[in-house]
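Shown next, in structure tokens, is the structure this report addresses.
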Amino acid sequence: MTPSTRARDIGDRVEAFVRGQIVPYERDPRCGGHGPSDDLVREMRAKAGAAGVLTPHILPDGGHLTHAETAYVHTTPGRSPLGALAVNTAAPDEGNMYLLGKMGSAEQKEHFLKPMIAGTARSAFFMTEPADEGGAGSDPSMMQTTCRQDGNHWVINGRKAFITGAEGAQVGIVMAKAEDVAAGGGACMFLVDLPDPAIRIDRVLDTIDSSMPGGHAELTIDNLRVPADQMLGQPGEGFKYAQVRLAPARLTHCMRWLGCCIRANEIASDYANRRHAFGKPLVDHEGVGFMLAENMIDLKQAELMIDWCAAVLDTGSLGTVESSMTKVAVSEALMRIADRCVQVMGGTGVTRDTIVEQTFREIRAFRIYDGPTEVHKWSLAKKIKRDWKNAQA
């Protein structure tokens, strides 16, 4: 799909900014095991603001790029693992901004969304729960965090895990299941100012990935009181609202990591052309040259899957099936690409002298985040069976 003139202009300016001003930060000591520090994020975003590329997917009038346009724009900051953070298109903020833009009241948008768009506030999405306690993960119906109405407040209790960016966030979106069916039942979403003493971070997990500030936290919610007007939407509609966020967030993950794999492949290709072994450049050895050729194919297939799914979302469809297919196809293709880049570069590929090693780690985590490959395939298999049954009727 050919990007619109508007998308190309925005995306090309973002890419030039990331390559010119953000790539040098990749060796900054403020990039730690639990992600870049908030100090580093603020510094990069100040530069993005000065360059006019901060939060590029949201237009000056408050409108949003189409999904097809976003597919181009969001790929460009991926040229660095720090790029999406720098220009404010990173997860979970981008998905949370999208959800608030769709479902938030005018007052909620002013208080919670506005500072997120300005890049002055980070956010966290509190849904996943500890697996060893039987909590919700890929199956959100297992949610154990509860909420009950108490006058003009709701009181929330529970445990959450793998909450990206909770440490250091200023905005939280908390999902909980209503105890009282009469009060709405089902899942509810709440907007919360952070930090809050009722939300205790028990530990920040040491994980394979390291691109997201605040890392991934395990935490306890102990009698968190939230004003009723900070409920997002209506009681019991939380799972429906999660679907609004789900497919676009899956897709923008694909975009970001496609951009990072494009850069990793550039690095591996440069290495293979410069490095000689057994009398000729590595690229002239079929074992190496063919891997790079396969990368070229997988990169294009990933791009086309993203464009196809974005076009579906632009029709107004939730795109649940299409986004599952795209998440599987793209994450698996990007894993192959990242693995080949490491292999092509040999010993250098497993060092942190380039971003290739980090790209490999980030993509390995991406195959699990926003739904493991196997869960998406299971969901698609259920659709196949359902469609078959309907065809027999």
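Quick one: in segment 63-80, which of the residues that are touching a residue at least 24 places away in the same chain (Cβ under 8 Å) and in a loop (DSSP other than H, G, I, E, B) is farthest from Ala169 (Cα to Cα)?
Thr66
Could we say that Val53 is aliphatic (A, V, I, L, M), part of a loop (DSSP other than H, G, I, E, B) and surrounded by 17 or more Cβ atoms within 10 Å (Cβ to Cβ) here? So Val53 fits the description; yes. Looking only at segment 118-133, count every residue that is out of contact with any Ser or Thr (no Cβ under 7 Å at 6 or more places or on another chain), crowded, with 17+ Cβ neighbours inside 10 Å and either without any contact (Cβ under 8 Å) to a residue 12 or more places away in the chain or within 30 Å of Leu54 (Cβ to Cβ) (or both) and tell me the total. Total meeting the criteria: 7.
Note on segment 243-259: residues that are open to solvent by 20 Å² or more (accessible area, probe 1.4 Å) and among the aliphatic types (A, V, I, L, M) total 2. For the structure I just gave you, tell me whether Ile221 is hydrophobic (A, V, I, L, M, F, W, C) and out of contact with any Asp or Glu (no Cβ under 8 Å at 6 or more places or on another chain). Yes; evaluated as a whole, the condition is true for this residue. Restricting attention to segment 227-271, the residues that are small (Gly, Ala, Ser) and in contact with a Gly (Cβ under 7 Å, 6 or more places away or on another chain) add up to 5. At least 3 residues being farther than 25 Å from Thr207 by Cβ is the threshold, and among the strands (runs of 3 or more DSSP E) wholly inside segment 123-190 those reaching it are 146-150, 153-164.
Does any residue in segment 299-312 that is in contact (Cβ under 8 Å) with a residue 12 or more places away in the chain come within less than 8 Å, Cβ to Cβ, of a residue that is surrounded by fewer than 20 Cβ atoms within 10 Å (Cβ to Cβ) and of a type in the set (Ser, Thr, Tyr) six or more places away or on a different chain, and which pairs are these? Short answer, once both residue conditions are applied: Ala310/Thr66.
Please verify whether Gly289 is open to solvent by less than 50 Å² (accessible area, probe 1.4 Å), over 27 Å from Phe162 (Cα atoms), touching a helix residue (DSSP H, G or I) at 6+ places or on another chain (Cβ under 6 Å) and not in a loop (DSSP other than H, G, I, E, B), treating the condition exactly as stated. Criteria met by Gly289.
Looking at Ser4, Ser80, just one residue is over 29 Å from Leu318 (Cα atoms) and of a type in the set (S, T, N, Q), and that residue is Ser80.
Name the single residue that is modelled with the highest pLDDT among those in segment 179-201 being open to solvent by 10 Å² or more (accessible area, probe 1.4 Å) and of a type in the set (Gly, Ala, Ser). Give the derivation first.
Of all residues in segment 179-201, those open to solvent by 10 Å² or more (accessible area, probe 1.4 Å) come to 179-184, 186, 193-201.
Restricting the remaining residues to those that are of a type in the set (Gly, Ala, Ser) gives 182-184, 186, 198.
Numbers: Ala182: 54, Ala183: 49, Gly184: 52, Gly186: 87, Ala198: 98.
So, considering only residues that are open to solvent by 10 Å² or more (accessible area, probe 1.4 Å) and of a type in the set (Gly, Ala, Ser), the one modelled with the highest pLDDT is Ala198.
Is it fair to say Ala136 is of a type outside the set (D, E, K, R) and either open to solvent by 10 Å² or more (accessible area, probe 1.4 Å) or within 21 Å of Asp193 (Cα to Cα) (or both)? Answer is no for this residue.
Against the conditions (1) open to solvent by 40 Å² or more (accessible area, probe 1.4 Å); (2) within 18 Å of Arg367 (Cβ to Cβ); (3) of a type outside the set (D, E, K, R), Ala302 satisfies every one except (1). Among the residues making up segment 282-325, those that are closer than 23 Å to Ala264 by Cβ and β-branched (Val, Ile, Thr) are Val283, Val288, Ile297, Ile306.
Report, by residue number, each residue of segment 1-30 that is surrounded by fewer than 14 Cβ atoms within 10 Å (Cβ to Cβ) and of a type in the set (Gly, Ala, Ser). Across segment 1-30, the qualifying residue is only Gly20.
The set of residues in segment 202-236 being open to solvent by 60 Å² or more (accessible area, probe 1.4 Å) and assigned to a strand (DSSP E or B) consists of Asp202, Arg203, Asp222, Asn223, Arg225. Taken together, Arg245, Arg250 contain a single residue that is modelled with pLDDT under 95 and touching an Asp or Glu at 6+ places or on another chain (Cβ under 7 Å), which is Arg250.
When residues of segment 337-347 are filtered for being open to solvent by 20 Å² or more (accessible area, probe 1.4 Å) and over 14 Å from His276 (Cα atoms), how many remain? The qualifying residues number 5. Within segment 81-91, at least one residue is within 20 Å of Gln358 (Cβ to Cβ), not in a loop (DSSP other than H, G, I, E, B) and not small (Gly, Ala, Ser).
The lone criterion from (1) under 24 Å from His216 (Cα atoms); (2) open to solvent by 50 Å² or more (accessible area, probe 1.4 Å); (3) without any contact (Cβ under 8 Å) to a residue 24 or more places away in the chain left unmet by Tyr369 is number (3).
For Leu318, the conditions (1) modelled with pLDDT of 95 or more; (2) open to solvent by 60 Å² or more (accessible area, probe 1.4 Å) are fulfilled apart from (1). Considering only residues in segment 102-117 that are among the basic types (Lys, Arg) and touching a helix residue (DSSP H, G or I) at 6+ places or on another chain (Cβ under 7 Å), the one that is surrounded by the fewest Cβ atoms within 10 Å (Cβ to Cβ) turns out to be Lys102.
The values are calculated or read from the model by the stated rules, or taken from the named source; none is laboratory data. The shown structure was predicted, so the numbers you read here are calculated from the model rather than taken from an experiment. Neighbour counts run over all protein chains shown; Cβ positions are idealised from the backbone, glycine included. We work out accessible area using only protein heavy atoms, side chains counted, and drop any ligands, DNA or RNA first. Shrake-Rupley method; radii C 1.70, N 1.55, O 1.52, S 1.80 Å.
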